[in-house]
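Quick note: the coordinates plus some simple rules give every number you see, no bench work behind them. Worth saying up front: this structure is predicted, and the values here are computed from it rather than measured. Positions of Cβ are generated from backbone atoms using ideal geometry, with glycine treated the same way; all protein chains shown enter the neighbour counts.
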Amino acid sequence: MRIVHIGLGNFFRAHQAWYTEHAPDADRWGIAAFGGRGGHLAATLSEQDCLYTLRIAGEPTRHEVISSISHAHTARAGDQWRMYLRSPQLAVVTLTVTEAASALTPGGQVDLNHEDLRNDIERLRAGSQPRTVPGRLADGLRARQAADGRPLAVVSCDNLAGNGARAKQVVTAVADAVDPALSRWIAANISWVSTVVDRITPATTADDIDAVTTESRRQDDVPVVTEAFTEWVLAGDFPAGRPEWDEVGAQFVEDTTPFENRKLWMLNGAHSLLAYAGGIRGHDTVAQAFDDPILQGWVDQWWDEVATHLALPPTEMTRYRAALRTRFSNQHIKHRLAQIAADGSQKLPPRIVPVARAERHAGRLPHGAARVPCRLVMPPARRRRAHARPRHRPTDPGKLRHHPGRRTNRPFATSTATWQRTPT
Ligand SMILES: NC(=O)c1ccc[n+]([C@@H]2O[C@H](COP(=O)([O-])OP(=O)(O)OC[C@H]3O[C@@H](n4cnc5c(N)ncnc54)[C@H](O)[C@@H]3O)[C@@H](O)[C@H]2O)c1
Ligand SMILES: O=P(O)(O)OC[C@@H](O)[C@@H](O)[C@H](O)[C@H](O)CO
């Protein structure tokens, strides 16, 4: 029983890798993680035996070393990818590849005329290495089909409504264009699990790396900063099993829709509002923007609007809003507004449009929703500043120490190193 992941990034390392780490049967599982489209993180993580620090920032701030990833690969490691997919032990494929990588139109349709997908279909027909995530999934599933592989679950963990169904739609369409027998095999053997995922996890900054080095006395070039709160709601079958994620808080439900709407509209919708309006008002992070009384008022207005379209008991709504206030005010998390604002054309439709439509349907003007894309009127010079990414300063105090003794009973694990504190 094994797991592979596409989209080796910060969120996967704070969320799915954390749940697997803490599952009571963790030693029976190991994750082989692949980049979504790059390779830098896989290389650095491999140099650290795939161990990394999770800095859970709050009061108090805690550090954990996560060891559930056994191997890290770049997006281009097609041979390894197909090798894992052929393995009879493989049970779960997870994805965190951003909204943009789903390769769907903003209306949620598959566009096989999209240049990237069209090229990948040609590559798959010619037996060469595809580049998009749907193409790579179709390639891996074709390898599994050829190996008489067993059923498995594909678990999408992106911030999209119906993320499992969307992944199924696009991968099946690509497979069908390559070989209809492959799409029939996929229909019979692959379970597409939809999920709602939540744990605020910003991009790591040079200051974060320095803080981890100072506080944990361990040098980690690729730590992850996250919050204490975490949520994972899943719907769908796991025909070849899964880790006991439910023992560490994951909820298994029939239908994720109510959880999806609550999270995408309340949390992500408010994040987008703060990202665009906060940029105009000169703020850099969520905590700064949420401390601005005008913006807090706008978020409240948005939440009031959302509340009329969520089938949640008032007490639950009050509890969820109070929790969001605390989470958005966490000064220990530097969640940059520019990061949230990126790819707005992909993010805004699931976060805002359903509520705006419902308000119009009710005969009202969607004032709260209308605030969210306000940055469209922002002067270009400020817009450029708001998009600026932080510079990643390398640090060099000491190196990771490799020692014999790391547990090796994890699937796919070959390393025998233990990560130890750098003596001070
Ligand atoms: N960060 C969070 O707080 C958070 C919380 C919930 C859900 N998510 C979901 O997880 C996704 C990843 O977030 P993250 O914080 O790990 O980001 P990240 O930048 O750390 O990692 C993103 C991963 O996606 C890959 N990727 C990006 N664009 C791609 C594309 N067009 N095609 C293929 N791969 C691509 C990257 O190579 C990388 O492996 C988000 O887009 C979101 O849907 C994030
Ligand atoms: O990750 P993105 O880019 O889809 O969206 C930015 C944030 O809204 C998002 O990452 C939230 O922090 C996250 O969804 C909280 O669970």
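Can you divide the C-alpha Rg of the chain by 2.2 N^0.38 Å and report the result to two decimal places?
Details: Rg = 21.6 Å, N = 424, 2.2 N^0.38 = 21.9 Å.
The reported ratio for this selection is 0.98.
Pop a pseudo-label 7 angstrom from the Cα along the beta-carbon direction at both residue 308 and residue 79 and give the gap in nm to one decimal.
The two pseudo-label positions are separated by 6.1 nm.
Under 5 Å between amide H atoms, partner at least 5 residues away or on a different chain: which partners does residue 30 have, H built in plane at 1.01 Å?
Amide H neighbours of residue 30: 3.
What length, rounded to one decimal in nm, is gained on full extension from residue 205 through to residue 187, with 0.36 nm per residue of separation minus their alpha-carbon distance?
Length gained, residue 205 through residue 187: 2.3 nm.
Using a Förster radius of 30 Å, what is the FRET efficiency between residue 105 and residue 367 based on their Cβ-Cβ separation? Nearest 0.05, please.
The computed FRET efficiency comes out at 0.60.
Report the extension gain between residue 360 and residue 125 in nm, rounded to one decimal, defined as 0.36 nm multiplied by the number of residues separating them, less their alpha carbon distance.
Numbers: separation 235, 0.36 × 235 = 84.60 nm, distance 4.63 nm.
The residue 360-residue 125 span can extend by a further 80.0 nm.
Counting only other residues whose beta carbon sits under 9 Å from that of residue 235, what net charge do I get with K and R as +1, D and E as -1? Walk me through the numbers before you get to the answer.
On the way: positive: none; negative: 254, 255.
After counting each charged neighbour, the total is -2.
Counting only other residues whose beta carbon sits under 11 Å from that of residue 44, what net charge do I get with K and R as +1, D and E as -1?
Spelling it out: positives minus negatives among the neighbours equals -3.
Suppose R0 equals 22 Å; then what is the FRET efficiency for residue 59 and residue 300 from their Cβ-Cβ distance, rounded to the nearest 0.05?
0.35
Identify, among 53, 68, 194, the residue whose Cα sits farthest towards the positive end of the charge dipole of the chain, taking +1 on the Cβ of Lys and Arg and -1 on the Cβ of Asp and Glu, with the dipole about the Cα centre.
The listed residue farthest towards the positive side: 53.
Can you tally the net charge around residue 86? Count Lys and Arg as +1, Asp and Glu as -1, for every other residue whose Cβ sits under 12 Å from the Cβ of residue 86.
+2
Using the Cα centre as the reference, give the magnitude of the dipole from point charges on the C-beta atoms of the chain (Lys, Arg: +1; Asp, Glu: -1; all else neutral), rounded to the nearest 20 debye.
860 debye
So, in nm, how far is label residue 112 from label residue 319 when the simple model puts each one 7 Å beyond its Cα toward the Cβ?
It is 4.7 nm.
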